[in-house]
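Comments concern the structure below.
What follows is calculated from the coordinates using simple rules that are stated; it is not laboratory data. Not measured: the values here are computed from a predicted model. Note: ideal-geometry Cβ built from the backbone for every residue, glycine included; neighbour counts use all protein chains shown.
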Amino acid sequence: MIFPWARAGLVIAILAASLSASAAQTLQTGFADFGSDQNTPIEIEADALEVQDKSNIAVFTGNVTVRQKEASLQTSRLTVHYAANPQAPRTDGDAPATPQNQRISRLEADGKVLLTANGQSATGDAGTVNFDDRTLALNGNVTLSQDGNVITGDTITVNLDTGIARVESRSRVRVLLSPGGAKSN
């Protein structure tokens, strides 16, 4: 999916001009498919892995890369949280599961995070993919970019069901729209 910059550019410009001290911006992203397809494997590579069965977590450290389909997440430390009861019923779709049918409930990325999907990239100081809440969040010095267009703020939260993202900042959300950088669908 491509940012609808051509359609959203004018809306973003108008909204950016009217933002208050507690700025927020909503837009569409291509990150909605990350981790939501239970039938497509999630591949994780790292320098080290520590499994804590009693805590239902696995901790990957050192040059961590997570891939699923066209999406990729890179960070220095990733904590994978498994549901305490892997057979617990879900109310809103399926989350990824391990071969032993342990359902992944949350991924927490610590250290600089780079997320790429569908020609878009997002960076932040930390990130969380919460399959129970169906959200993906990046926090701290967030930058979202595609085709020369850039949005910066303190946090970005993506609804994994709709792909709609909300960028927030304690000061102001900043938007740079590059002429000729927009692609239409």
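Listing for the model above:
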quantity	calculated
Ranked by how many other beta carbons lie within 10 Å on average, peptides 149-161, 40-52 from highest	149-161, 40-52
Per-peptide average of other Cβ atoms within 10 Å, ordering 120-126, 173-179, 63-69, 103-109 highest first	103-109, 120-126, 63-69, 173-179
Per-residue HN-Hα couplings for region 142-156 [Karplus 6.51, -1.76, 1.60; θ = phi - 60°; Hz; x = Gly/Pro]	7, 10, 10, 9, 6, 6, x, 8, 9, 10, 10, x, 8, 9, 9
D125 versus D147: modelled label distance in nm, points set 7 Å from Cα along the beta carbon direction	3.2 nm
